[in-house]
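Below is one structure, written out as structure tokens; the observations come after it.
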Amino acid sequence: MTAATGGGPDTDALISELRRELAELRSRTPDPGEPVAVVGSACRLPGGADTPDALWESLRAGRDLVRPLTGERWSGVDFDGLDDPAFGRIPRHAALLDSVDGFDSGFFGISSAEADLMDPQQRLTLEAVWECAERAGWTPDEMRRTPTGIFLGVGHQDYLLTALAAGDGIGSRLATGTARNMIANRVSYELGLRGPSIAVDTACSSSLVALHLACQSLRTGESRRAVAGGVSLILSPLSSTLTGRALPMAPDGRCKAFAADADGMVRGEGLGVVALKRLSDALADGDPIEAVVLATATNQDGRTNGLTAPSPVAQSLLLSGALKASGLAPSDITFVETHGTGTPLGDPIEFSALRDVYGATAEDPICWLGSVKANLGHLEFAAGIASVLKTLGALKHGTVPPQINIDALNPRIDLTGQRFAIARQEESWTDSARRYAAVSSFGFGGTNAHAILAHPDAVPAVRQARTAAETARRHAPDTGGPAVLMPLSARSPEALAAHVDRTARALEGAPAVALTA
């Protein structure tokens with residue numbers, strides 16, 4: 001080969017890599033309707049919810065994680081001075097992360113000087129994507145130079161505003177550290193990925209649109225793996241000022257989705273990501289499947305009463321399009337995680353679309369409605385993925401968590417003779433083989449997204465694979481259950497100690513567990 005090409009070892013390696021990539025491209029057979037498997041997830045959400053399991057525990061306990069802003073993030077801000085008689089008061093409440101400034105820059109080989117000028121949205125996203133890939137069983141070596149796509153809902157540039165206000169110089173590191181596209185691009189760069197790397201801004205629907213785009217990329221064969229999600233941090237009082245003057249905000253800081261006293265949204269922050277593969281690839285690779293995305297859809301409100309006014313017709317068309325693509329009947333959907341911002345007009349408009357598409361008849365199975373915004377506030381660019389993470393928990397555990405902050409139903413939402421219900425306490429959901437859910441996310445500006453998810457047991461191909469695996473296990477020889485060694489590693493002694501501590505907590509109550517660092 002070397003003599004024929006006139007090259008050397010580097011040329012041979014390049015040719016081998018190109019041949020491998022060509023063979024992989026030829027092996028992909030696009031199927032526009034193939035389901036997509038969720039094979040991992042990670043998050044950083046309020047209330048110390050740094051894992052999907054921790055988020056689920058907060059939700060099933062019915063916790064309201066919104067807190068007063070004053071003194072928690074901006075101790076020296078004069079909120080009263082920022083009020084404007086023409087526009088009213090700026091928001092005084094939000095659901096915030098415990099911390100946004102921790103980052104193990106050495107783990108990623110990033111200098112402390114560069115890390116100091118990186119938007120915390122970049123830092124936290126890097127860490128969360130790494131964790132998500134680990135949970136999916138993806139190693140850095142097998143991901144490097146592969147068509148792995150990164151699709152992230154992003155929008156806020158609060159860190160740039162704070163840096164400029166502090167007088168930090170405008171240089172190349174500040175530019176790469178605060179540009180919105182770099183939140184996705186830095187992940188691809190640090191992991192050496194060659195798939196699409198796209199930052200999505202459709203406002204409140206961004207992260208669910210990112211999921212939609214990731215599923216499309218997988219189905220066409222453009223990506224072999226994908227990570228989708230979104231991030232949204234509240235780092236400057238200016239963004240709260242703008243939000244409070246553009247949108248109705250709840251004066252008491254409580255999001256009251258579907259409630260008679262609903263009077264506006266509440267801000268929240270955080271991030272979430274999911275690892276995705278085509279279902280056939282996930283089954284072939286033996287991946288852990290958390291849920292299956294049967295269908296996604298997006299559309300636009302078009303011309304309405306105003307640029308930010310929702311369209312019930314567009315919402316109905318969106319839901320019916322996703323339902324048709326999923327191959328399910330309306331009565332199959334028994335849980336809908338709604339957009340549910342807690343506004344007196346927005347919630348009834350959304351309910352009317354749900355009734356039109358998923359209403360079926362009162363004799364059909366109950367369809368539970370929920371909105372995670374009552375617990376976490378509105379995560380804006382990460383709102384859709386927060387809804388997805390809640391839905392993944394409900395699919396896994398087979399229960400619907402309680403909907404908080406609702407005493408009486410909005411009078412414009414009539415459940416009489418309907419199959420819809422709102423859980424006031426944790427409710428048992430249907431058996432796993434019939435567990436289908438839908439998630440909605442609507443954008444400020446009119447871009448809407450909807451996804452339909454299923455428990456793995458509700459998908460015939462997954463059931464068959466699990467049955468075959470169980471049969472193989474039953475016929476395997478009994479080895480007596482020897483002790484299992486669990487190696488733990490990290491790139492610094494401090495990180496290893498923290499890893500051991502987290503693992504110990506996760507294994508608490510397991511028999512014969514001994515951990516040493």
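No value in this document is a laboratory result; all are computed from the given coordinates. Because the structure is a prediction, the values reported are computed rather than measured. Here the Cβ is made from the backbone with ideal geometry for all residues, glycine too, and neighbour counts use every protein chain on show.
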- prompt: Taking every pair of alpha-carbon atoms in the stretch 203-353, what share in percent sits in each 5 Å bin, from 0 to the bin with the longest distance?
  reply: 2, 8, 13, 17, 18, 17, 12, 8, 4, 1, 0
- prompt: Taking 0.36 nm per intervening residue step and subtracting the Cα-Cα distance, what contour gain separates Thr361 from Glu57 on full extension?
  reply: 106.2 nm
query: Quick one: what does P(r) look like for the stretch 286-347 with 5 Å bins over all Cα pairs, in whole %?
result: 3, 14, 20, 22, 17, 13, 7, 3, 2, 1, 0
Nearest-0.05 FRET efficiency for Ala175 and Ala284, computed from C-beta distance (R0 60 Å): 0.90
task: Would you mind calculating the relative contact order of the chain from Cα pairs under 8 angstrom and at least 6 residues apart, reporting the percent as a whole number?
output: 19
- request: Give me the distance in nm between label points sitting 7 Å out from Cα along the Cα-to-Cβ direction at Tyr189 and Asp98, one decimal.
  value: 3.1
message: Testing the spin-label approximation: label points 7 Å from Cα along Cα→Cβ at Ala325 and Arg245. State their distance in nm.
response: 3.8
- request: Evaluate the relative contact order of the stretch 276-419 (contact order divided by residue number), counting alpha-carbon pairs under 8 angstrom at least 6 apart; express in whole percent.
  value: 23
task: May I ask which residue of Phe79, Gly221, Phe258 lies farthest towards the positive end of the charge dipole of the stretch 36-458, with charges of +1 (Lys, Arg) and -1 (Asp, Glu) on Cβ and the Cα centre as origin?
output: Gly221
statement: Put in order of increasing Cβ neighbours within 10 Å, starting from the fewest, Lys373, Lys396, Lys277 give Lys396, Lys277, Lys373
- request: Within 10 Å, count the other beta carbons around each residue, average over each peptide in 447-453, 185-191, 108-114, and list them highest first.
  value: 447-453, 185-191, 108-114
query: In straight Cα distance, which lysines are under 16 Å from Lys390, not counting same-chain residues fewer than 8 positions off?
result: Lys373
field: FRET E, pair Ala498, His397, Förster distance 30 Å, beta-carbon r, rounded to 0.05
entry: 0.65
- line: Cα-only Rg/Rh for the chain with Kirkwood Rh rounds to 0.98
task: Just tell me which aspartates and glutamates come within less than 15 Å, Cα to Cα, of Lys324; anything on the same chain fewer than 8 places away is out.
output: Glu34, Asp332, Asp356
query: Between Phe108 and Arg505, 0.36 nm times their residue separation minus their Cα-Cα distance comes to what?
result: 140.4 nm
statement: FRET efficiency (Asp78, Asp263; Cβ distance; R0 22 Å; to 0.05) is 0.30
query: Radius of gyration and Dmax for the stretch 318-386's Cα atoms, expressed in Å?
result: 12.9, 37
- prompt: Taking neighbour counts of Cβ atoms within 10 Å as a proxy for exposure, in what order, fewest first, do Phe420, Phe79 appear?
  reply: Phe79, Phe420
query: Where does each of Arg89, Arg267, Arg135 land when they are ranked from fewest to most other beta-carbon atoms within 10 angstrom?
result: Arg89, Arg135, Arg267
field: Asp12-Ala165 pseudo-label distance in nm [points 7 Å out on the Cα-to-Cβ vector]
entry: 6.0
